[in-house]
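Worksheet: the structure to be examined is printed underneath.
The values are calculated or read from the model by the stated rules, or taken from the named source; none is laboratory data. Keep in mind the model is a prediction, meaning the values are calculated, not measured. Cβ sites come from the backbone with ideal geometry, for glycine too, and all protein chains shown count toward neighbours.
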Amino acid sequence: MTTPSAPCPRCDSPLEQDDLRCPICSQATPVGAQPDRKDATVEVLRCDGCGSAVSYSEKARAPKCAFCGSVLRLETTSDPMEQTEHFLPFTVTRDQATGAYRGWLRGLGFFRPSDLASAARLESLKALWWVGWVFQADALVSWAADSDHGARRAAWAPHAGQLEMPFRDILVPATRGLSEPETAQLTNSYRLDTARTEPLGDGETIVEQFDLRRSAARRQVSEAMGRLAEQRVKDGHIPGSRFRNFAAAILLRRLVTLRYAFPAYVIAYRYRGRLFRTVISGQDPTRILGHAPYSGWKIVGTIGGILLALALIVGLLALLG
Amino acid sequence: MSATEQRVRASCRSCGAEILFESLQRTARCPYCDSPSVVDRPETPDRPDPVFGLGFAVTHEEATRRMRRWIRGRKMGPFGLKDRAAEKVKGIYLPTYLYSATAYTTYAASIAEHYKGDDRERKTEYRDLDGRHATYVADILVTASRGIPNDEIEGIEPFDLGALVRYTPALVSGWIAEEPSRTQEECRDLARQEATAHVAELLRGFLPGDGVRGLRHQTVLEDESVDLTLAPVWVFAIRYDDEKPPIRVLVNGQTGKVFGKVPLSWAKVGLIAAGILTLIGLARLLVWLLR
């Protein structure tokens, strides 16, 4: 993990220590104070190993000693793999998770098999930390779109606007293990103020790793922010009910991105030979999402009953008419 | 060591022989022991210290191969051009300024909205739209060298700025590295023009509707930054006629993209025109004979 340095002077976003330019606005990161030179100085670069002069080699893509082959490292923006900085603790025990799963099975409704809760066999219950980014930012969003509001002869009229849009504690999942609907269900169940810097588990807890480099992570966060901004503008700022040609330009400031690991239980259960999965938040047992079978007989019976009722009504009306 | 104007005389640190750094050169090789040296002059407003650099990744052989292939594709170039070897080949770290800023724009335009008229023909209704747009403009690279004009740099762009490195003398050691010969204000103006043109391009993609006409916009650039950046370029000089100046062909030292201005061969144009006229004449003759 790299240590954050001073924020960017242009957009006020925190910089990583090895950033050469701000990843948000491209402002060059400040370098330390340089000595004030009065005279020109001439330098011959020498190899630390053998003392020979060093030249830049286009084949090695680095300064290289022609005699001993030593290569000098140049300072560039590094692109390390993302590493988790904050772990949210489990506040739901395994027993509580199992209880929540049983309750969820019972409460799935009429169209599920009647024996689902009793016949479902718990295959495994795994505790895991899934990973994601939480970001905060202030943004100036400029947007333009066509909408049906104010339309005259054509079906569309152009509209545009600009607004300040704060983003606070927005979670962007980076997990490969959980699906998008699963993470969406879990997202608001976590208390970020409980974060710790180390995972505290029972030793059997799986810790997912980020499998993205920093540059790809930044792209993913930016794309998520773009989608969220578009949704917010469409929901409350464009007049009308139908839109097209939506475009937005986002000027970001103070973007802070933190890498979190979120606790969850993944339950696998078997019902009549088929395997299903359920995910429960590790901090709120009511946040649960999973797959469950439907009862074909109940669905067919209900449709048949409705059709029969309709046929009876039609028949009755025919007799009365 | 003496520093008269910007010319620097220094002793070679390897053999003690005298080396002369010309006023626009940052690097030199000792004529006796071939040791590469890099000079570090006191900073001035128009000659700041380089901030970034991009390393060469294309070798001399690869650059020559690409230049030859490019020359072969210039079918209307002067006779003999393809057979001429490059008279001079140089791998140069070219001084450029990397510009970025925040662009605040106000715009107004007529937006076209199509609809089907009563006669089922497509018609267009124009609606006025004005608004504001804000964005960061970044990665604008403009030449700081009087020797290579900006359109030639644009010809070999883009450079992969993801591979940017912090400038260090080790980056240019053993290569020709030029000092800026244009003033910073001149380069800033050039960059502002590019930034404004870039915003106009963005606006065209940003505005809604089925078309746009009469787009007017005013862009204010704030929080500007310009950073002297050394860009790797292979420069070829090819002389195809002793009476004429050589043709300059640039090869991007990082990506291998080629650009040059090859003059049109009027002799070839004349031959092609004569050939076409002859064909037309023959066709007419054939038609006349067949009647």
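General remarks:
- The set of residues in region B:217-239 that are away from every other protein chain (no Cβ under 14 Å) and either among the aliphatic types (A, V, I, L, M) or touching a strand residue (DSSP E or B) at 6+ places or on another chain (Cβ under 7 Å) (or both) comprises B:GLN218, B:VAL235, B:PHE236, B:ALA237, B:ILE238.
- Cβ pairs under 8 Å, 6+ apart, first in region A:21-41 and assigned to a loop (DSSP other than H, G, I, E, B) and buried (at least 19 other Cβ atoms within 10 Å of the Cβ), second polar (S, T, N, Q) and modelled with pLDDT under 90: A:CYS22/A:THR29; A:PRO23/A:SER215; A:THR29/A:SER5
- Given (1) more than 9 Å from every other protein chain (Cβ to nearest Cβ); (2) on the phi > 0 side of the Ramachandran plot; (3) among the charged types (D, E, K, R), index of the condition B:ARG192 fails: (2)
- One residue stands out in region A:51-80 among those that are modelled with pLDDT under 85 and over 46 Å from the mean Cα position of the chain (by Cα): the one that is surrounded by the most Cβ atoms within 10 Å (Cβ to Cβ), namely A:ALA53.
- Among the residues of region A:262-313, those identified as aromatic (Phe, Trp, Tyr) and out of contact with any strand residue (DSSP E or B) (no Cβ under 7 Å at 6 or more places or on another chain) are A:TYR271, A:TYR294, A:TRP297.
- Among the residues of region A:1-16, those that are modelled with pLDDT of 80 or more and more than 7 Å from chain B (Cβ to nearest Cβ) comprise A:ALA6, A:PRO7, A:CYS8, A:PRO9, A:CYS11, A:ASP12, A:SER13, A:PRO14, A:LEU15, A:GLU16.
- Scanning region B:20-31 finds one or more residues that are in a strand (DSSP E or B), charged (D, E, K, R) and either surrounded by 15 or more Cβ atoms within 10 Å (Cβ to Cβ) or in contact with a Leu (Cβ under 8 Å, 6 or more places away or on another chain) (or both).
- One residue from B:ARG13, B:ARG9 being basic (Lys, Arg), part of a strand (DSSP E or B) and surrounded by 13 or more Cβ atoms within 10 Å (Cβ to Cβ): B:ARG9
- A:PRO89 satisfies every condition listed in (1) touching a Lys or Arg at 6+ places or on another chain (Cβ under 7 Å); (2) surrounded by fewer than 21 Cβ atoms within 10 Å (Cβ to Cβ); (3) assigned to a strand (DSSP E or B) except (3).
- Note on region B:132-157: among residues that are β-branched (Val, Ile, Thr) and farther than 19 Å from B:SER100 by Cα, the one that is modelled with the lowest pLDDT is B:ILE148.
- Residues in region B:69-82 include none that are outside any loop (DSSP other than H, G, I, E, B), within 11 Å of another protein chain (Cβ to nearest Cβ), closer than 24 Å to B:ILE156 by Cα and in contact with a strand residue (DSSP E or B) (Cβ under 6 Å, 6 or more places away or on another chain).
- Filtered residues of region A:285-321 (kept if surrounded by fewer than 10 Cβ atoms within 10 Å (Cβ to Cβ) and not in a helix (DSSP H, G or I)): A:GLY321
- Among the criteria (1) more than 14 Å from every other protein chain (Cβ to nearest Cβ); (2) touching a residue at least 12 places away in the same chain (Cβ under 8 Å), the one A:THR76 does not fulfil is (1).
- Residue count, region A:58-73 (criterion: assigned to a loop (DSSP other than H, G, I, E, B) and free of Cβ contacts under 8 Å to residues at least 12 places away in the same chain): 6
- Selection status of B:THR124, farther than 30 Å from B:ASP223 by Cβ and among the β-branched types (Val, Ile, Thr): yes
- Qualifying residues in region A:152-183 (those that are aliphatic (A, V, I, L, M) and within 8 Å of another protein chain (Cβ to nearest Cβ)) - the one farthest from A:ALA229 (Cα to Cα): A:ALA154
- Looking only at residues in region B:113-148 that are at the interface with chain A (Cβ under 9 Å from one of its Cβ atoms) and in contact (Cβ under 8 Å) with a residue 60 or more places away in the chain, the one that is surrounded by the most Cβ atoms within 10 Å (Cβ to Cβ) is B:HIS133.
- Selection status of B:ALA101, at pLDDT 95 or above, in the same structural domain as B:GLU154 (by TED's automatic domain parsing) and over 19 Å from the mean Cα position of the chain (by Cα): yes
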